[in-house]
Amino acid sequence: MVRLGWLDPLLQGGTARRGDELRAGTGVALVLIAVVAAALAAISLDFCRFGNRVPAVWPANALPLALLLVRRPAGWRLPGAIITASAAGIALANLAAGAAGATSVLWGVANGLEIAGAAMIAWLPLGVRPRLRRVDGLLKLAFAIGIAGPALGALIGAAIGPWTGWSGYGTAWLVCFASHALGNLIFTAGIMVLLDRTHQHWWRRNRRLSVILALAICLVLLTGVLQQSSPTPLFLTPLLFAFLGVVAGFELSCVGVIGLAVFALWRTAAGHGPIVALEPESIAARILILQSLIGAGVLSSVPIALAFERRARMIAQLRRQKAAIIARAAHYKLLADVSADPILVTLQDGTILYASPAAARLLGIAGSALTGRSAFDLIHPDDKTSVRRSLATLCDGTPEVTTELRLQPNGSAGPIWTEVKTRIGEGKSSQRVEVVSVVRDISTRRAEDDRRKADLIRLDLLANTDPLTGLANRRRFNDHLDKEWRRALREQLDIALILIDVDLFKAYNDAYGHPAGDIALRQLATIVGTGALRPADLASRIGGEEFAVILPATFLSGARAVAERVRDGVRDMQIVHEKSPSGFLTVSVGIDCLCPNSILTPQIFIERADKALYRAKARRGSIVIAT
């Protein structure tokens, strides 16, 4: 929102209160507008002329135009009051200058029409709104106040031209149009800058000296031009205005143009300068020449000043961005330096561009020694392939990749387990890809994980191993049988089950004692364990003196061979058992071998083998196959 200081109530009263009530101070402001318009009109009529009260420039409409254009008015009552006050002031100035009452009123109406037409055209909802600081907005503003508005006002002004000494409607319209257009272009933009307190940085203390110096240089040069009798130096006038725009900036150019133009008009009206000596003697021709030169200066200075100011703002913005980038880089470097986790910036081929101090502490290598070195030289050989694969995935669009790998910086030292989070940095381009990696030492965590895994394995062994014999227990037997049964059912493979029972073992315990029985069971377990030679085979103790061997993917002939090897191995051990008919410990064996189907179950499988074992025990030391 544009701030106008004490003039703010003037353009806000239409919406703040109902009816015709205006904010406090609005009446005083309207009176001031009328007084300023009358004063400017009187000055134009009395001083800026070449005789017959023909003004070379008409600034009386600049203040009401600036008030109506600097900010969109709220409602229509106050804009109408501003236009009426300005028209009344201009009519009074004409009366004071000796014009007839009707002529004065018509001049007031003509100027009111000009102000209203320019404001309405400027605020039409077509394209951008009228703004000084944008090229498109400036063009719309210049069209409204420099062409459309003066053209409307000149329609009435030219009609009353003969009453003031002019001849010919066309000449009168052209002189009136040029005078009002020049006044609007010179004064309106400068007054808008003065009214807008939002962008008054051009008069800050650090710029005042340059502002005053630029104005002084232009004023001295313009004085020199106006002291010449030759018309050639006149063409330097647009260059002076352009110089002011380049050196002083846009706002000062708008304000300074007013002073330079007023000074040029005053000197020319006083009879100095090349314009006075020009031929023809026509007042209108002289006025048009002067107006053309000043208009060319104004039209050249303001756009040039705007372009240079935009360039200056762009340069200032780039400098601020550069300073921000440098500050941000320093901030990020500080964060990297104090980070406990090492940070590496590398190229895609592994070349290290930056290593934080934490990296030097972790690897035992100075940061300067790391820069330029390949990161792959620090990685354990077994992990290099997975790292290259992760980098390829990252370059294919994955935002971040996390990899656990071992670093081996000194070769002979033990590897350091690390977790590396990697992502593409801001330096990605078609020729250069920068990779940012945050490294975290997880050696302690890996050691704890390894200990935890070892404890889990140890607990699993305790939960699934028979403590006396070291064979699998009944729980492991059931789980393994269920798993292998489902695999045999899925792949339609034969599976064999061997059940082994020690003959007359209760009598052995009674005769030799339980410690001797435990020793005998451990000896028997070593023989039973020889029956499970393949990874999927399982030998287990499933009862007091009962053992079992699971043989997946085994035919009956293979199962019988294993059973005979176990039986013969026990017999060959010749463990003395005086209660046995043979005088030694013997075992009875039951075998079942089948291909699972949807009707059979592991429990039926065990029952079939157990029945075969029961029949074998009747003959002690024999092998019976389930039928």
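The values are calculated or read from the model by the stated rules, or taken from the named source; none is laboratory data. Here the structure is a predicted model, which means the values were calculated and not measured. For accessibility, only protein heavy atoms count, side chains too; no ligands or nucleic acids. Shrake-Rupley method; radii C 1.70, N 1.55, O 1.52, S 1.80 Å.
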## Note on the structure
From the cross-link list 506/579; 483/617; 579/617, the entries with a Cα-Cα span beyond 20 Å are 483/617
### Message
On a straight-distance basis, which lysines could pair with residue 333 in a cross-link, Cα separation under 24 angstrom, same-chain partners fewer than 8 positions away excluded?
### Response
322, 421, 428
### Task
Would you please give the residues with an amide H less than 5 Å from that of residue 465, counting only those at least 5 places away or on a separate chain, with H modeled from the backbone geometry?
473
### Message
Please report the projected area of the stretch 347-468's Cα convex hull averaged over all directions, in nm².
### Response
10.1
### Message
Heavy atoms of the protein only, probe of 1.4 Å, neighbouring chains included. What is the accessible area of residue 120 in Å², nearest 10?
### Response
140
### Query
Length gain on complete extension for the stretch residue 483 to residue 334, per 0.36 nm per residue less the alpha carbon to alpha carbon distance?
47.8 nm
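Please work out the ratio of the alpha-carbon Rg of the stretch 397-544 to 2.2 N^0.38 Å and round it to two decimals. Show your work: numbers first, answer last.
Values: Rg = 26.7 Å, N = 148, 2.2 N^0.38 = 14.7 Å.
Taking N as the residue count of the stretch 397-544, the ratio is 1.82.
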## Note on the structure
Averaged over all viewing directions, the convex hull of the alpha carbons in the stretch 471-608 casts a projected area in nm² of 8.0
